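Written out below as structure tokens is the structure these notes cover.
The values are calculated or read from the model by the stated rules, or taken from the named source; none is laboratory data. What you are looking at is a predicted structure, and each value in this text was computed from that prediction instead of being measured. Please note: Cβ atoms are built from the backbone with ideal geometry, for glycine as well, and neighbour counts cover all protein chains shown. Just so you know, the surface numbers come from the protein's heavy atoms only, side chains and all, with ligands and any DNA or RNA stripped out. Shrake-Rupley method; radii C 1.70, N 1.55, O 1.52, S 1.80 Å.
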Amino acid sequence: MAKKSLGNIRRSFAPWTDPAAKPLVTFERVTKRFGAVSAVEDLSLAIHAGEFFALLGPSGCGKTTLMRMLAGFETPDSGRILLDGVDLAGIPPHRRPTNMMFQSYALFPHMSVEANIAFGLRQEGMAKADIAARVAEMLALARLEGFAKRRPDQLSGGQRQRVALARALAKRPKVLLLDEPLGALDRKLREETQYELMDLQSELGMTFLMVTHDQDEAMVMADRIAVMERGRIAQVAPPEEIYEKPASRYVAEFVGDINIFEGAIAAIAGDIITVESPVCGTILLDEEDVSLPAGARVFVAVRPEKIVISHDEPALSANKVSGEVWDIGYLGDYTMVQVKIGGEGGPLIKVALANHARRAERPIAWEDQVWLSWEIEAGILLGGEA
Amino acid sequence: MKRFRFPHFLALILGLAFLYIPILVLIVYSFNASRLVTVWGGFSLRWYAALFNNQPLMDAAWLSLRIALVSASVATLLGTLAALALARFGRFTGRTWLAGMIAAPLVMPEVIIGLALLLLFVGLEAGRGFWTIAIAHVTLSTCFATVVIQSRLVTFDRSLEEAAEDLGAPPWRAFLAITLPIIAPAIAAAWMLAFTLSLDDLVLASFASGPGATTLPMRLYSAVRLGVTPEVNAASTILIALVALIVVSASLMVKKNLLDTRR
């Protein structure tokens with residue numbers, strides 16, 4: 001059963017499931033408006049010590065504003081932000097125990113790598129010898145040993161990113177804020193850096209709060225993701241749950257590819273829901289605790305990789321539909337097939353075929369008449385909001 | 001590179017000739033051995049020697065230099081503050097007014113500024129001399145300084161200052177340790193611009209000066225009215241060289257600064 005196997009995913013770290021756990025960072029009904037536009041609207045969120053937390057959303061959803069309020073660069077219009085039990089209201093950025101890695105890195109161009117990393121420590125009035133030791137430690141951590149005397153403009157993009165990270169980590173903040181930390185890197189480097197950041201975070205046992213618009217980045221790195229929509233949180237959950245059990249159509253469509261069918265609930269028998277869809281007939285789903293009544297208008301979402309494609313009609317009574325192959329996109333690791341349902345003008349359904357074998361022959365070709373089908377557990381029932 | 005075209009080249013030569021032949025003539029005749037301005041009598045440095053023995057001219061030059069130093073420094077300080085206000089404080093009440101008022105001297109006829117200042121000084125019964133000229137020059141050059149520094153601040157990445165604050169520096173220290181060193185070339189350029197504006201100003205100085213305070217341009221102007229001597233040519237040549245040096249180094253500084261920010 002879908003959600004039961006979901007619950008079985010082994011997780012050693014999940015403080016958010018413990019009601020007695022005290023969160024490190026708490027946003028309490030925070031609202032921030034810029035003129036008439038509200039960037040963050042009545043938002044509450046708790047982040048636990050040791051978490052790698054991601055704020056995910058399109059540009060303009062308020063994720064950066066939320067982070068900047070924690071850093072102290074923006075002041076909430078209402079609501080409270082607590083860090084380690086302390087209300088941050090009125091505390092200026094330079095006295096907050098958070099450090100931020102800026103999207104542009106914001107390295108001081110007139111200072112060497114060493115001086116950049118030491119800047120925060122010097123502000124604390126740390127002893128010279130201790131600063132030198134900490135800087136050396138940070139240079140080693142960021143694999144920048146040979147670059148201490150260089151200026152930022154003598155470094156590559158990846159090296160600059162590591163200097164920015166080392167500088168933000170040097171003061172050992174209670175929370176490290178990462179604003180689109182990998183946005184400026186090319187794809188290959190981004191993938192490597194993702195795992196480096198994860199290793200670093202678990203090694204240091206630090207709390208990381210990351211802002212990103214890149215779902216892959218959030219999925220790979222974060223312990224939990226908050227998907228944001230126009231200043232509000234659409235869903236907070238671990239990556240698997242965001243993907244497999246999205247709370248709304250918005251989340252389902254924002255994270256990953258998905259096919260959405262409109263329909264109405266025909267019957268509810270325990271966990272088995274029957275939905276009648278005008279496009280693909282009867283759909284059976286396995287969902288717990290459905291509060292919707294029979295007859296309610298709903299959406300059924302199915303991920304492309306959970307759909308099976310075949311030339312012969314499958315021996316199923318429901319969850320199947322026939323159509324014509326419209327487009328085939330070869331992506332190397334898998335092939336995305338688009339199937340048109342109901343002839344000209346009908347909807348397209350995306351099907352992802354994993355390319356298990358190195359075979360050149362294509363089992364599916366353009367204009368083939370094919371059958372699509374999926375398991376009862378594959379469908380996701382989403383409320384019928386427009 | 002664009003293809004070379006003769007008509008374009010001709011236009012360029014004519015344009016440059018129109019602008020620079022008078023200056024070139026002046027420079028060439030400053031090395032003239034003859035006393036007559038229009039007759040070439042061979043190469044000589046005698047007028048430069050005579051210049052340094054001409055005490056009134058040297059006094060005027062010294063006064064001009066001192067006024068330029070003082071007024072450029074004050075104008076740069078005020079210009080920096082005004083530029084910060086315009087570039088940083090967002091939309092405060094009166095921002096449009098401040099921006100307009102600061103830019104006004106750029107387009108206002110100098111005669112009018114000079115006259116206004118003269119009336120003010122007379123009304124205040126201020127003794128006219130060094131300080132009144134310096135104040136007049138500050139009025140004029142502050143707007144130029146503001147424009148130069150503001151254009152640098154507009155391209156300045158605010159997150160640098162935020163990063164400094166985030167790392168524990170109070171705002172004033174973030175400004176001194178991060179912003180100021182980075183915009184320093186623009187400030188230096190603004191200072192040099194203000195310095196040259198003051199050094200070669202005739203109109204404002206004429207209005208704002210009093211007895212016993214004659215700047216170099218005023219001295220040269222009055223000397224010319226009594227007939228052009230090669231000595232005036234020599235003084236002018238030195239002035240041109242000085243101004244050219246400063247303007248070129250200022251523009252190089254701004255250019256380098258811009259290149260640094262783009263990297």
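If A:ARG80 meets every condition in (1) open to solvent by 20 Å² or more (accessible area, probe 1.4 Å); (2) touching an Asp or Glu at 6+ places or on another chain (Cβ under 6 Å); (3) closer than 25 Å to A:LEU197 by Cβ apart from one, which number is that one?
(3)
Within region A:276-322, considering only strands (runs of 3 or more DSSP E) that don't extend past its boundaries, which have at least 3 residues that are farther than 24 Å from A:MET336 by Cβ?
In region A:276-322, the matching strands (runs of 3 or more DSSP E) lie at A:281-286.
Can you work out which of the residues in region A:74-124 that are under 14 Å from B:ALA169 (Cβ atoms) and free of Cβ contacts under 8 Å to residues at least 24 places away in the same chain is nearest to the other protein chains (Cβ to nearest Cβ)?
The qualifying residue nearest to the other protein chains (Cβ to nearest Cβ) is A:PRO93.
Does B:TRP40 satisfy the criteria of being in contact with a strand residue (DSSP E or B) (Cβ under 8 Å, 6 or more places away or on another chain) and surrounded by fewer than 14 Cβ atoms within 10 Å (Cβ to Cβ)? So that I can check it myself, show each step before the final result.
Numbers: in contact with a strand residue (DSSP E or B) (Cβ under 8 Å, 6 or more places away or on another chain): yes; surrounded by fewer than 14 Cβ atoms within 10 Å (Cβ to Cβ): yes.
In short, yes.
Please enumerate the residues belonging to region B:213-232 that are open to solvent by less than 30 Å² (accessible area, probe 1.4 Å), closer than 17 Å to B:LEU26 by Cβ and modelled with pLDDT of 85 or more.
If the condition is that a residue be open to solvent by less than 30 Å² (accessible area, probe 1.4 Å), closer than 17 Å to B:LEU26 by Cβ and modelled with pLDDT of 85 or more, then B:LEU216, B:PRO217, B:LEU220 are the ones that fit.
Condition check: open to solvent by 30 Å² or more (accessible area, probe 1.4 Å) and closer than 30 Å to B:ALA213 by Cβ. Does B:VAL107 satisfy that?
The answer is yes for B:VAL107.
Of all residues in region A:78-96, count the ones that are of a type outside the set (A, V, I, L, M) and not in a loop (DSSP other than H, G, I, E, B).
Final tally of qualifying residues: 7.
Yes/no matrix, rows are residues, columns are (1) loosely packed, with under 12 Cβ neighbours inside 10 Å; (2) aliphatic (A, V, I, L, M); (3) at pLDDT below 95; (4) part of a strand (DSSP E or B):
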| position | (1), (2), (3), (4) |
| --- | --- |
| A:ARG11 | yes, no, yes, no |
| A:TRP16 | no, no, yes, no |
| A:ARG33 | no, no, yes, yes |
| A:GLU41 | no, no, yes, yes |
| A:GLY50 | no, no, yes, no |
| A:GLY60 | no, no, yes, no |
| A:GLU74 | no, no, yes, no |
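Right, A:VAL325: under 24 Å from the mean Cα position of the chain (by Cα) and open to solvent by less than 50 Å² (accessible area, probe 1.4 Å) or not?
When the stated conditions are applied, A:VAL325 does not pass them.
Being within 19 Å of B:SER236 (Cα to Cα), assigned to a helix (DSSP H, G or I) and open to solvent by 80 Å² or more (accessible area, probe 1.4 Å) narrows it down to one residue among B:LEU19, B:LEU51, B:LEU12; which is it?
B:LEU19
Enumerate the pairs (first residue in region A:19-38 and within 19 Å of A:VAL86 (Cα to Cα); second residue anywhere and open to solvent by 90 Å² or more (accessible area, probe 1.4 Å) and assigned to a strand (DSSP E or B)) with beta-carbon separation below 7 Å, excluding pairs fewer than 6 apart on the same chain, so at least 6 apart or on different chains.
From region A:19-38, the pairs are A:GLU28/A:ARG80.
Taking the options A:PHE119, A:PHE52, A:PHE73, A:PHE108, name whichever one is out of contact with any strand residue (DSSP E or B) (no Cβ under 6 Å at 6 or more places or on another chain) and assigned by TED's automatic domain parsing to the domain that holds A:THR207.
Values: A:PHE119 fails: assigned by TED's automatic domain parsing to the domain that holds A:THR207; A:PHE52 fails: out of contact with any strand residue (DSSP E or B) (no Cβ under 6 Å at 6 or more places or on another chain); A:PHE108 fails: assigned by TED's automatic domain parsing to the domain that holds A:THR207.
So the residue among A:PHE119, A:PHE52, A:PHE73, A:PHE108 that is out of contact with any strand residue (DSSP E or B) (no Cβ under 6 Å at 6 or more places or on another chain) and assigned by TED's automatic domain parsing to the domain that holds A:THR207 is A:PHE73.
Of the residues that make up region A:331-347, is at least one open to solvent by 30 Å² or more (accessible area, probe 1.4 Å), of a type in the set (D, E, K, R) and in a strand (DSSP E or B)?
Scanning region A:331-347, I find no residue that is open to solvent by 30 Å² or more (accessible area, probe 1.4 Å), of a type in the set (D, E, K, R) and in a strand (DSSP E or B), so the answer is no.
Would you pick out the residues in region B:145-174 that are of a type in the set (Ser, Thr, Tyr) and at the interface with chain A (Cβ under 8 Å from one of its Cβ atoms)?
Hit for region B:145-174 is B:SER159, nothing else.
For residues that are outside any strand (DSSP E or B) and at pLDDT 85 or above, tally how many sit in region A:261-270.
Total meeting the criteria: 0.
For region B:119-193, please list each of the helices (runs of 4 or more DSSP H) lying entirely inside it that holds at least 1 residues being open to solvent by less than 40 Å² (accessible area, probe 1.4 Å), of a type in the set (Ser, Thr, Tyr) and within 18 Å of B:LEU65 (Cα to Cα).
Per the criteria, B:130-154.
Report, by residue number, each residue of region B:75-84 that is buried (at least 18 other Cβ atoms within 10 Å of the Cβ) and either under 13 Å from the mean Cα position of the chain (by Cα) or without any contact (Cβ under 8 Å) to a residue 40 or more places away in the chain (or both).
Filtering region B:75-84 down to residues buried (at least 18 other Cβ atoms within 10 Å of the Cβ) leaves B:75-76, B:78-80, B:82-83.
Correct list: B:ALA75, B:THR76.
Checking the structure you have, find out if any residue of region A:160-177 is under 30 Å from A:GLU229 (Cα atoms), among the aliphatic types (A, V, I, L, M) and without any contact (Cβ under 8 Å) to a residue 40 or more places away in the chain.
Checking region A:160-177: not a single residue is under 30 Å from A:GLU229 (Cα atoms), among the aliphatic types (A, V, I, L, M) and without any contact (Cβ under 8 Å) to a residue 40 or more places away in the chain.
Quick check: anything in region A:97-113 within 22 Å of A:THR207 (Cα to Cα) and assigned to a helix (DSSP H, G or I)?
Looking through region A:97-113, none of the residues is within 22 Å of A:THR207 (Cα to Cα) and assigned to a helix (DSSP H, G or I).
Filter region A:182-210 down to the residues that are within 14 Å of another protein chain (Cβ to nearest Cβ) and either touching a Phe, Trp or Tyr at 6+ places or on another chain (Cβ under 8 Å) or open to solvent by less than 40 Å² (accessible area, probe 1.4 Å) (or both) and list them by number.
Within region A:182-210, A:ALA184, A:LEU209 meet the criteria.
Given the conditions (1) farther than 23 Å from A:PRO93 by Cα; (2) in contact (Cβ under 8 Å) with a residue 24 or more places away in the chain; (3) not assigned by TED's automatic domain parsing to the domain that holds A:ILE47, which single one is not true for A:PRO246?
Among (1) farther than 23 Å from A:PRO93 by Cα; (2) in contact (Cβ under 8 Å) with a residue 24 or more places away in the chain; (3) not assigned by TED's automatic domain parsing to the domain that holds A:ILE47, the lone unmet condition for A:PRO246 is (3).
Is it the case that some residue within region A:126-137 is assigned to a loop (DSSP other than H, G, I, E, B), surrounded by fewer than 18 Cβ atoms within 10 Å (Cβ to Cβ) and in contact (Cβ under 8 Å) with a residue 12 or more places away in the chain?
no
Among the numbered criteria (1) part of a helix (DSSP H, G or I); (2) more than 14 Å from chain A (Cβ to nearest Cβ); (3) open to solvent by less than 20 Å² (accessible area, probe 1.4 Å), which single criterion is violated by B:GLY210?
Here B:GLY210 clears every test but (1).
Do we have B:THR96 as at pLDDT below 90 and within 14 Å of chain A (Cβ to nearest Cβ) here?
no
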